[in-house]
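Below is one structure, written out as structure tokens; comments come after it.
The values are calculated or read from the model by the stated rules, or taken from the named source; none is laboratory data. Just so it is clear, the structure is predicted and the values come from calculations on it, not from any experiment. Just so you know, the surface numbers come from the protein's heavy atoms only, side chains and all, with ligands and any DNA or RNA stripped out. Shrake-Rupley method; radii C 1.70, N 1.55, O 1.52, S 1.80 Å.
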Amino acid sequence: MFSEFALHERLLKAVAELKFVEPTPVQAAAIPLALQGRDLRVTAQTGSGKTAAFVLPILNRLIGPAKVRVSIKTLILLPTRELAQQTLKEVERFSQFTFIKSGLITGGEDFKVQAAMLRKVPDILIGTPGRMIEQLNAGNLDLKEVEVLVLDEADRMLDMGFADDVQRLVDECTHRQQTMLFSATTGGSGLREMIAKVLNNPEHLQLNAVSQLNETTRQQIITADHNQHKEQIVNWLLANETYQKAIVFTNTRAMADRIYGRLVAQEYKAFVLHGEKDQKDRKLAIDRLKQGGVKILVATDVAARGLDVDGLDLVINFDMPRSGDEYVHRIGRTGRAGNDGLAISLICHGDWNLMSSIERYLKQSFERRTIKEVKGTYGGPKKVKASGKAVGVKKKKTDAKGDKKKVAAKTPTKRKSANRPKSDSLVSKDGMAPLKRRKPEAPAAE
Ligand code: AMP
């Protein structure tokens, strides 16, 4: 129960208004420590309720009578505009019975309007690093009195190349007393470096153990012969599955556009969301999906990051995500708050090994499904290794006369790797894939 936390009654009133009954695991773990002022490093995915886990303690610290605000007290940095907007909404919902004011600074919005908002000095400032730096450079932003700093989706901020901007903003918060860093993955050396630099004796809460992947979501695979065949399967699923809202994930912008075009041609109400879409399009897509005017979203991972839409109960992986963590992220869109969800991955010959690596990473076996109306010829590899990966077929080298060529003893390593299935080591132990080893299907891979 939320009332067990030492939270101000006005915050408990807002929690009750929002009909939150039980704290989620990340809230149960993080709120008491955050209330004590501890630095936190939390590994938890979007959908876990992590926003409330840091917002409630922050509000609790700021709560008080109405007064003239003289400095920004809290800074929350996030990688994308949508996440920043969603976080602002969450902050406003929780602070509705208080005098606490918050403001948003993201790209794609009017610079001068933002500067005017900053002159009024919000208690809590939420935003993306790029525009924050621009406002800082313009002399509009003073972070010296920030007491609490939150780096949300820190791993993604690093992936998106914000390391230097984030560090500069952190350095501006010279009087900070508490820092909380959230990431969906355990991250790589960049994240470890940031943690070492930014956090002070942090408590590490690890809540996205993959075993916590929404238990209410069924996970299936359907084998496919090629991309056109995958398109047929997508059509069949969208026409025959029962769902409120669906999201189709692709790895490239080009493929997202292509599938979107096909769907629109069939008079589906759909939207496409990828890194090339401008802010207006993105807002419109998300609003329509939330309101229910549009039921289908085609998206790349970058664009769908942090998307929180009620009733999203069908996820189709047109392309298999490139890592186990990205898979967890995608599937995290569905089956939220105890609702049933269905996640279906379409698997061609080239996707098999990646899929089986992800199964191993998750310690789960996806349900194999066939749809007789759109059944193809590929049904998985003929032989699989103990790991579940395909056994590669070794080609015998022949010379011009058709005789078997003697294999030179000098180059065994090279030959061996040439025979190995390409995606063999795409997913490392921590579930992260070295992207450069996978050839993008189109130049505009995200
Ligand atoms: P987040 O992981 O912070 O993006 O939260 C995911 C969604 O879960 C948001 O829509 C929250 O409003 C909702 N949520 C967070 N905590 C709870 C809770 N304890 N009970 C019900 N819903 C929650």
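Values for this structure:
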{"item": "Value in Å of the Kirkwood radius, where the range 2-208 supplies the Cα pairs that are averaged", "result": "16.9 Å"}
{"item": "Between the range 55-93 and the range 99-133, the alpha-carbon center distance in angstrom", "result": "11 Å"}
{"item": "Long-range amide H partners of residue 345 with built H, under 5 Å", "result": "220, 221, 222, 317"}
{"item": "Residue-by-residue Karplus 3J(HN,Hα) for the range 248-257, coefficients 6.51, -1.76, 1.60, Hz, glycine and proline x", "result": "10, 9, 10, 8, 10, 5, 4, 5, 4, 4"}
{"item": "Rounded accessible area of residue 348 (nearest 10 Å², 1.4 Å probe)", "result": "20 Å²"}
{"item": "Residue-by-residue Karplus 3J(HN,Hα) for the range 151-162, coefficients 6.51, -1.76, 1.60, Hz, glycine and proline x", "result": "10, 9, 6, 4, 4, 6, 4, 5, 4, 8, x, 8"}
{"item": "Solvent-accessible area, 1.4 Å probe, carbon plus sulfur percent, for the range 235-315", "result": "43 percent"}
{"item": "Within the accessible area of the range 1-89 (1.4 Å probe), percent carbon and sulfur", "result": "56 percent"}
{"item": "Cut-off under 5 Å, modelled amide H: who pairs with residue 99 long-range", "result": "64"}
